[in-house]
1. Within the P(r) computed for the chain, what percentage of the Cα pairs occupies the region above 26 Å?
2. Tell me the relative contact order for the chain as a rounded percent, counting alpha carbon contacts under 8 Å between residues six or more apart.
3. Considering only protein heavy atoms, what per residue accessible area in square angstrom results for the chain with a 1.4 angstrom probe?
4. With a 1.4 Å probe and every protein chain kept in, tell me what percent of the accessible surface of segment 4-130 is carbon plus sulfur.
5. Measure out, as a whole number of angstrom, how far apart the alpha-carbon centroids of segment 77-99 and segment 112-148 sit.
Amino acid sequence: MLTLHTAALLRRDRDGEPVPGHAVLVSGDRIEAVGPLTELTSEYAGARVRRWPGTLGPGLLHIRPLPPAPTPRERVHALLRTGVTAVLAEHLADPALRAAAERSDLLVLPTAVAATLRPDGRADLAVHDVDGTCLVTVVAGRIVHRRA
């Protein structure tokens, strides 16, 4: 199923200027296209459209130890609530924590890399409000956090 994710603003990478009227087309766990919403809705007329408030951009990379919580699953969920979609492998030495991260499809990276929204990239997205609050986190094409 094709899904178009769009928000008031879209940022292709963490440092890029946000632009209005753009969207990300997702198929399964991959990004199919990034571009103007009008063009993508015309070209992919059957795609489901998810409209979010705020700024849509790539998911965040967590570069520090995971926050404390009673269980490994809750430690991972604490990251998902902030828009994190990737974590450095060095912070997952505990097998239970690594298993929880893998069950959530968090991307485990050996080193830090800059995330970007690009065709054929993994569909890891986050939507943040103007105050920085994460509204939605999408990991490998799946909504894993949505603020009520």
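The values are calculated or read from the model by the stated rules, or taken from the named source; none is laboratory data. Just so you know, these numbers come straight off a predicted model, no measurement behind them. Calculation scope for accessible area: heavy atoms of the full protein, side chains included, ligands and nucleic acids excluded. Shrake-Rupley method; radii C 1.70, N 1.55, O 1.52, S 1.80 Å.
1. When all Cα pairs of the chain are counted, 22 percent exceed 26 Å.
2. Result for the chain is 27 percent.
3. Averaged over the residues of the chain, the accessible area is 52 Å².
4. 53
5. Value for the Cα centre distance between the two parts: 15 Å.
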